Amino acid sequence: MTSYRLATGGLINRQKPLAFSFDGRRMLGFEGDSPASGLLANGQLLVGRSFKYHRPRGILTAGAAEPNALMTIGQGGLTEPNTRATMQELYQGLESQSQSRWPSLESDVGALNRLFSPFLGAGFYYKTFMWPASFWERIYEPLIRKAAGLGKASYEADPDSYDKRWAHCDLLVIGSGPAGLAAALSAGRSGARVILMDEHSATGGSLLSETATIGGAQASQFVAETVAELESLSNVQILTRTTVFGWYDGNVFGAIERVQKHVRDPLPAVPVERLWRIVSKRALLASGAEERPLVFGGNDIPGVMMATAMRTYLNRYGVAPGKQVAIFTTNDSGYALARDLESAGVDLVAVIDSRADTVFRYSGRARVIKGAYVSDAYGGKALSSISVWKNGSVEMLEADALAMSGGFSPIIRLACHRGAKPIWSDEHAGFLAPTSVNGFDLAGAVNTSSGIATCLAEGAARGAASVEGLGFAASVATFATVEGDIVAPPAKPVWNIPRIKGKAFIDYQNDVHSKDLRLAVQEGYGHVELAKRYTTNGMATDQGKLSNVNAIGLLAEARGLSPAEIGATTFRPFYTPYHSAR
Amino acid sequence: MASLVHCPHCGVRPRQEFTVKGAALVRPAPDADKKSWMDYVYLRENPSGRYEEFWHHSSGCRRWLVVIRDTATHEIEASRDAALVGQTDART
Amino acid sequence: MSQSDKGGLVFGGDLDGYNSYAQRGNLATVENVAEEGKALIPSLSRVRMLRSWGGIMDMSMDGSPIIDRTHLDNLYLNAGWCYGGFKATPASGFCFAHLLAKGTSHDTTRQMRLDRFERGYLIDENGQGAQPNVH
């Protein structure tokens, strides 16, 4: 009862199998896989242990926000700890190790921490290890330092070579999903110098996980045709595997390109990574929106995953999450996953919709339970069942995979790097980018637009407008009809789920659960900046991508304020961690 | 600004090419009183807002510039050759 | 450079070299600091940088602090710590307490007078002169 590779489907190249290893175990994947999809295809749900409680953890996402699936890749001088399995590309001979466990992932001594968990709550180190005072330096601190740490760095010399470059352009488009591609098209066709950057190895963004069609063609085919046209334009440069990590004054951007990180034996004459400094006259952020987890007990058990991630593994990688799948959603996007799972022949146990008054009419076979919520997931190292509450009574359902969708937060971080704070919107249940600085615009899901057609149209319009301001005569690109796209309008968020029994996680990587945040409020640390530091919520390597908004929502309800009054902490470079190699 | 500076001779150049001296103040006369010299050498206003500074384009034209910049937003209002502003005593 | 008990390395930093209240630095400074870090610990090249931040440093003209009484009775000054503040807090507090209690400076801080600028007795450890942005 675990995840598996489907017989057909996905954008992977089934003609090219790749051998890789995880904790010494040999597995097979395909060209186009990430270690994450490869592990899921091989039924490996358990990928790591959490930092504090050493809880078994699985793959939660399919992208940059991954908090659990951190692995150490390579050996000797090439050892690289804390690599996200969801962002790395699989190559022949890739060797990966899980982290934060001893002696092994399956039986980890650190799991005994759960017995001490009542004493390990938020801020425990301010209240413990105090006496006797002399013990701190000689005994407590060395023990803590031995137990702590995330991955292990190598002391050997690094044989790889690195590089730095400047780039200049009229328009920098950040993100190659529908909005980004459309913007690059409009701007590129006008003759302006355009650079299109995407953090993934392939362009297309969310279109790569879509089953909708554009003008009758598969979304992936639309991407291929659009990219072909862009590549034919000499004034357009496409850089994949490139993360824009910071926005600096003067419309200067810092970006890191993983030139040969997907290759086992890199060419010595070519750098392995390249730091770009981009000077752009105009910039367009098309970075999309991040789905939020739902905060119920056991929401970290391997098998529980973000709904959009489950859809990505299904449609892009041809991997089914399990044999009895359930979906817990607050919005219509959960039904897009339901439809795709059923078309792929995966057994869908139920769709649990928190809205009692939902108007969406699901036409599939699965049972839809409206006005209900999941309070707890059970299973230990792999999900086995969930408790579903409706109208005061509980039903236990067997499930080996659970998708959760708590809504979408626009990925606005870059827009906040120059000091302006984001603005809370009740209508969208999310923080929006501050008023745009001259020269920096937004398009697509990051600008609260939803649906492929809307994002294409907005991207095209904003891309054209950006370069028209520079004197280029740009016409707005148009696209064929989009069909089969389930457009999810923003839905009422669910910050607090009642009747939870187990630990309900907000920040997976730092093991911060809902009780910790309530404790912070109780002890007087309810201000958003204090709560962050007291609980360490949002301070891990994922920098709160999945946890920030949930924490703010929870603080708001605990203090009887609105999220607007709670506010957000400061977003700072770097959007994702990068090597300081040069 | 913090990343790009407009040099009147060389155009927009990266910050790495410049050396910043500090406030662009008017030098007192050689026979001015001790207090005037004390203020010129050791006292500064440090406003949050409009500020005039001496910048040296060390890796470029090597001219001294007077840059008028906002210290809170980093917007550059103007950048001119120091000689044209009548400030020729920009030596350290 | 130091390592927290959680394992993360905290290192820095550099002055931006110009007056700023923006508290955000710039990419050039980040690159410089990263290069310096890598020069000290080469294996940092395979460890990822997580976050960078910038604040406001109160720089004195010679890069050294001022712990002194002022010309106003009962008004004392302890300022100009530049970027050496946090770690010097215990010693600075002790010496300041000495000044408040005894009316004379502690031996360690005897030279940190406010009038040293006027009298020409700068504590110029960098040898840069009255240039607050290069200390």
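Can you pull out the residues in the range A:198-221 that are under 21 Å from the mean Cα position of the chain (by Cα) and not hydrophobic (A, V, I, L, M, F, W, C)? The answer is A:198, A:199, A:200, A:201, A:203, A:204, A:205, A:206, A:209, A:210, A:211, A:220. Of all residues in the range A:114-136, those that are of a type outside the set (A, V, I, L, M) and away from chain C (no Cβ under 14 Å) total 11. Can you find a residue in the range A:279-288 that is touching a residue at least 60 places away in the same chain (Cβ under 8 Å), buried (at least 24 other Cβ atoms within 10 Å of the Cβ), within 14 Å of another protein chain (Cβ to nearest Cβ) and β-branched (Val, Ile, Thr)? Taking every residue of the range A:279-288 in turn, none turns out to be touching a residue at least 60 places away in the same chain (Cβ under 8 Å), buried (at least 24 other Cβ atoms within 10 Å of the Cβ), within 14 Å of another protein chain (Cβ to nearest Cβ) and β-branched (Val, Ile, Thr).
On inspection, residue A:155 passes the criterion of being surrounded by fewer than 13 Cβ atoms within 10 Å (Cβ to Cβ) and either in contact with a Leu (Cβ under 7 Å, 6 or more places away or on another chain) or within 14 Å of chain C (Cβ to nearest Cβ) (or both).
If we scan the range A:517-538, do we find a residue that is acidic (Asp, Glu) and within 19 Å of the chain's Cα centre (by Cα)? So far as the range A:517-538 goes, no, none of its residues is acidic (Asp, Glu) and within 19 Å of the chain's Cα centre (by Cα).
The number of residues in the range A:290-321 being aromatic (Phe, Trp, Tyr) and either in contact with an Asp or Glu (Cβ under 9 Å, 6 or more places away or on another chain) or modelled with pLDDT under 95 (or both) comes to 2. Does residue C:45 satisfy being modelled with pLDDT under 90, out of contact with any Pro (no Cβ under 9 Å at 6 or more places or on another chain), surrounded by fewer than 16 Cβ atoms within 10 Å (Cβ to Cβ) and not hydrophobic (A, V, I, L, M, F, W, C)? Criteria not met by residue C:45. A count restricted to the range A:149-198 and to residues that are in contact with a Phe, Trp or Tyr (Cβ under 8 Å, 6 or more places away or on another chain) and among the hydroxyl-bearing types (Ser, Thr, Tyr) stands at 1. Determine if the range C:124-133 includes at least one residue that is touching a helix residue (DSSP H, G or I) at 6+ places or on another chain (Cβ under 9 Å), more than 10 Å from chain B (Cβ to nearest Cβ) and under 16 Å from residue C:67 (Cβ atoms). No, that holds for no residue. Before we move on, is residue A:201 polar (S, T, N, Q) and either within 14 Å of chain C (Cβ to nearest Cβ) or in a loop (DSSP other than H, G, I, E, B) (or both)? Considered against the rule, which asks whether it is polar (S, T, N, Q) and either within 14 Å of chain C (Cβ to nearest Cβ) or in a loop (DSSP other than H, G, I, E, B) (or both), residue A:201 comes out as yes. Where strands (runs of 3 or more DSSP E) sit wholly within the range A:412-513, those with at least 2 residues that are under 22 Å from the mean Cα position of the chain (by Cα) and hydrophobic (A, V, I, L, M, F, W, C) occupy A:423-425, A:430-432, A:505-507.
Annotation note: of A:146, A:164, the sole residue that is among the basic types (Lys, Arg), in contact (Cβ under 8 Å) with a residue 60 or more places away in the chain and surrounded by fewer than 17 Cβ atoms within 10 Å (Cβ to Cβ) is A:164. Within 14 Å of chain C (Cβ to nearest Cβ), crowded, with 23+ Cβ neighbours inside 10 Å and within 19 Å of the chain's Cα centre (by Cα): does that describe residue A:402? Against the criterion (within 14 Å of chain C (Cβ to nearest Cβ), crowded, with 23+ Cβ neighbours inside 10 Å and within 19 Å of the chain's Cα centre (by Cα)), residue A:402 does not qualify. Checking each residue in the range A:77-135 for being under 20 Å from residue A:148 (Cβ atoms) and among the aromatic types (Phe, Trp, Tyr) picks out A:102, A:116, A:119, A:124, A:125, A:126, A:129, A:135. The sole residue among A:63, A:77 that is away from chain C (no Cβ under 14 Å) and within 20 Å of residue A:260 (Cα to Cα) is A:63. Taken as a whole, the structure leaves residue A:108 outside the set of residues that are in contact with a Leu (Cβ under 9 Å, 6 or more places away or on another chain), farther than 24 Å from residue A:534 by Cα and of a type in the set (D, E, K, R). When the range C:53-95 is examined, which residues are found to be part of a strand (DSSP E or B) and closer than 28 Å to residue A:419 by Cα? The one that is part of a strand (DSSP E or B) and closer than 28 Å to residue A:419 by Cα: C:79.
Residues are listed down the side, and each one gets a yes or a no for (1) outside any loop (DSSP other than H, G, I, E, B); (2) more than 30 Å from residue A:540 (Cα to Cα):
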{"site": "C:51", "(1), (2)": "no, no"}
{"site": "C:98", "(1), (2)": "yes, yes"}
{"site": "C:104", "(1), (2)": "no, yes"}
{"site": "C:113", "(1), (2)": "no, yes"}
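Of all residues in the range A:208-229, exactly one satisfies the criterion of being touching a Gly at 6+ places or on another chain (Cβ under 6 Å) and part of a helix (DSSP H, G or I), namely A:223. Which residue is surrounded by the most Cβ atoms within 10 Å (Cβ to Cβ), if the candidates are limited to the range C:24-38 and must be facing chain A (nearest Cβ under 7 Å) and assigned to a loop (DSSP other than H, G, I, E, B)? Per the criteria, the residue is C:26.
Scoring residue B:84 on the criteria (1) away from chain C (no Cβ under 12 Å); (2) among the hydrophobic types (A, V, I, L, M, F, W, C); (3) touching an Asp or Glu at 6+ places or on another chain (Cβ under 8 Å); (4) surrounded by fewer than 17 Cβ atoms within 10 Å (Cβ to Cβ) leaves a single failure, condition (3).
Listed here are the residues, each with its yes/no results for (1) surrounded by 21 or more Cβ atoms within 10 Å (Cβ to Cβ); (2) in contact with a Ser or Thr (Cβ under 8 Å, 6 or more places away or on another chain); (3) within 9 Å of chain A (Cβ to nearest Cβ).
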| residue | (1), (2), (3) |
| --- | --- |
| C:8 | no, no, yes |
| C:11 | no, yes, no |
| C:40 | no, no, no |
| C:55 | no, no, no |
| C:63 | yes, no, no |
| C:67 | yes, yes, no |
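Got a sec? Which of A:108, A:170, A:163 is more than 10 Å from chain C (Cβ to nearest Cβ), under 30 Å from residue A:300 (Cα atoms) and in contact with a Lys or Arg (Cβ under 8 Å, 6 or more places away or on another chain)? Testing whether each residue is more than 10 Å from chain C (Cβ to nearest Cβ), under 30 Å from residue A:300 (Cα atoms) and in contact with a Lys or Arg (Cβ under 8 Å, 6 or more places away or on another chain) leaves just A:108. Against the criterion of being within 14 Å of another protein chain (Cβ to nearest Cβ) and farther than 25 Å from residue A:243 by Cβ, residue C:49 does not qualify.
Screening B:11, B:49 for residues that are within 14 Å of chain A (Cβ to nearest Cβ), under 20 Å from residue A:248 (Cα atoms) and not acidic (Asp, Glu) leaves exactly one candidate, B:11.
The values are calculated or read from the model by the stated rules, or taken from the named source; none is laboratory data. Only a predicted model underlies this, so the values are computations on that prediction, with no experimental measurement involved. Neighbour counts are summed over all protein chains in view; Cβ atoms, including those assigned to glycine, are modelled from backbone coordinates with ideal geometry.
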